[in-house]
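Values quoted throughout were computed directly from the atomic coordinates according to the rules given, and no laboratory measurement underlies them. As the structure is a prediction and not an experimental result, all values here were calculated from the model. All Cβ positions, glycine included, derive from the backbone under ideal geometry; neighbour counts span all protein chains shown.
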Amino acid sequence: MDTPHFIPQIIKNCEDIKEEIQRFSINTKIDSKYIWFDVIQTHTFIKLHEKDEYRAIVGNELIQFEKDSFYAKEDFFVKQTYDIRIKPKAKNFGIKIEITPLADKASLLFDEHFTIIDDEYFYEEIFSFIDTLMAYEKIIFRQQYEQKENLKIQFQKLNKQGLYPQKLLLKQTPDFIPSKPAKMNFLLKEEWEKNGKIAPENALFGVGKGEVIAECTNPIKGKDGRNLKGIFIHNELINNKNVHFSYNTLSIQKEETPEKVIFKALDAGYVEISNNTISLHTDFNFNTIKTINTPMLLGGLKSGISLNIKSEDELIDAIDANMIIEASTINIKGSIGENVILTGQKISIEGQTHQSSIIYAEEANITTHKGKFYGDKFYAKNLDSGFTQCVEAIIGSTAGATIFAKKLEIKNLKSNNKIYFSQECILKQMQGGENKITISASAHTSTKDTMDFINKKISLLKTKMQTIIKEYQTLLLQAKKNKNIIDKIKASDVPTQKAMLADKDIEKTYYEYIEAIKKLKILKKELIKFQNEIHDLNHSLLQIEDETLRAKLITQSDWKMENEIVYHRDYPKPSDENLFIEDGENVDIIIDPATKKMIKTQ
């Protein structure tokens with residue numbers, strides 16, 4: 001839905017902009033999400049006692065108010081009101097404001113809609129919008145010139161580097177420091193959970209030798225002072241006691257600094273923190289892991305830990321159902337049960353994986369794989385209806401499987417496999433048919449993710465361009481409408497110009513025209529910048545797609561039964577070329593770079 005148009009309304013001495021916009025929304029029956037405002041002027045008021053009336057400060061008092069030494073004083077109350085112009089929300093700048101709970105810091109958060117144009121009008125527009133964010137949250141306007149100059153320097157630096165910010169500090173209090181109680185941070189657990197995962201209860205966390213396990217920040221007494229909203233904060237009394245933990249000095253080392261206490265592992269192992277005790281477990285040999293006898297072993301992928309797990313009995317899984325095991329290296333003798341998740345740099349399984357199991361590894365070597373694998377290198381004697389997504393694979397025998405890889409070699413291809421590759425596929429012996437083999441740049445997840453990211457960015461840029469074009473056309477019509485009056489003013493001598501501009505309507509038209517021309521220039525620069533970005537991104541997609549022009553499907557025996565070969569391209573538009581290879585044919589498949597079509601070769 002387009003933003004509803006309405007006549008802008010000026011409100012003077014507004015104390016609560018949120019309430020004012022909500023009131024305007026109710027009165028006009030326009031959703032508040034379509035309403036925004038400009039800050040025309042800010043008024044600052046102070047009083048010495050709570051029961052006094054606020055009085056406006058101007059001149060020298062306002063100059064004093066800008067100074068940190070004055071602002072930090074406790075002997076006054078301050079508030080600001082705003083003259084605002086309520087207007088339709090015309091543009092998504094891609095900026096939000098984040099304020100700490102006690103308003104000692106305010107930061108700007110940027111999303112994908114934000115873009116930097118190194119132009120004075122751009123800075124004027126952005127800084128005006130940031131002012132509205134501050135006013136909306138009742139952040140006191142002080143030292144605005146310094147704030148804008150600092151942001152401008154940061155934006156220019158980022159623009160030169162071709163980077164976009166995610167978060168920038170906007171303001172912080174000159175002397176107010178919130179008190180903070182002592183706090184223990186189990187860093188290993190926090191690292192594991194940082195992407196939204198929740199660790200199972202009683203899980204242990206892997207740590208490498210010399211790695212930090214946890215840190216206890218000392219309590220911060222803080223300092224009373226005035227926050228960014230002008231309120232003088234008296235810190236509450238906090239517990240000044242540090243958090244104390246017991247631990248084995250042979251396995252864990254404590255280091256103290258003025259700010260915190262750090263606990264480090266003297267050996268690799270799995271850490272448990274319970275009842276203010278830190279324990280390090282260093283036994284890495286297990287017989288039949290079950291949820292009833294072993295906690296989940298999480299993290300430690302770079303710890304150097306090598307787990308050795310074997311089955312007590314050939315009839316029992318080495319790892320029972322529903323376990324999560326993670327380490328640098330995992331060596332398993334025996335099979336793994338349902339819903340088991342393994343993660344490591346290198347994983348070896350002398351046994352069979354359950355079809356519901358999931359393995360993440362840089363390299364895996366498995367006897368019989370029926371589950372899912374995600375990683376770099378995959379080696380399996382048998383791939384039986386399993387799934388693998390990897391960079392390269394060497395597989396003994398495969399039937400009913402799904403494989404995504406850049407390069408792969410299959411010694412014995414049986415029936416009903418779905419294979420996707422982008423560089424090379426070697427089939428040594430054919431024993432079955434009804435296989436579908438697809439050559440595609442997106443065969444590997446990292447390439448597919450890159451292509452998806454580029455396509456999303458192109459789509460976003462096109463959406464932004466459509467918004468800008470709409471605004472550009474509106475401003476252009478406005479400028480054309482007023483051009484005759486402007487031409488008359490420009491053609492007149494100075495006395496006549498002054499006389500014409502004395503008319504309020506003509507003066508308003510003149511300055512609206514000047515403002516529209518400024519905006520048109522910056523919008524044109526934005527459009528050109530986005531067009532160039534889209535051109536470069538399209539070129540990147542084409543380069544990625546054309547990597548498949550060197551792809552080869554090599555066979556070392558005759559094809560059996562009927563098999564389908566597909567050459568899939570996503571760019572510049574989705575397309576599939578299909579070849580059917582019949583029983584007894586002895587051909588390889590390559591891509592002709594000139595026609596971008598498949599060719600059978602002997």
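Here are some notes:
- Per-residue Cβ neighbour rank within 10 angstrom, fewest leading, Cys390, Cys425: Cys390, Cys425
- Nearby lysines by direct alpha-carbon distance to Lys457 (threshold 17 angstrom, same-chain neighbours under 8 apart not counted): Lys448, Lys529, Lys573
- Of the trypsin sites (Lys or Arg not before Pro) found in region 438-470, not one falls in a DSSP loop while having at most 11 other beta-carbon atoms within 10 Å.
- Here the contact order of region 9-172, divided by its residue count and restricted to Cα pairs under 8 Å and six or more residues apart, works out to 26 percent.
- Relative contact order (%) - the chain, alpha-carbon pairs under 8 angstrom, separation at least six: 7
- Three-way shape label, the chain, alpha-carbon gyration tensor, a/c 1.5: oblate
- Low-density loop cleavage sites - GluC sites (Glu not before Pro) in region 405-463, where at most 14 other Cβ are within 10 Å (DSSP): Glu434
- Computed per residue of the chain from DSSP H runs no shorter than four, each worth -39500 (n - 2.57), the mean residue ellipticity at 222 nm is -9000 deg cm²/dmol.
- Eligible aspartates and glutamates near Lys264 by straight Cα distance, threshold 17 Å, same-chain separation 8 or greater: Glu190, Glu191, Glu211, Glu215, Glu255, Glu256, Glu272
- Listed residue pairs exceeding 29 Å between alpha carbons, taken from Lys47/Lys167; Lys33/Lys524; Lys194/Lys377; Lys488/Lys519; Lys171/Lys254; Lys407/Lys597: Lys47/Lys167; Lys171/Lys254
- The packing ranking, built from the mean of other Cβ atoms within 10 Å per residue, places the peptides 560-567, 484-491 in the order 560-567, 484-491, highest first.
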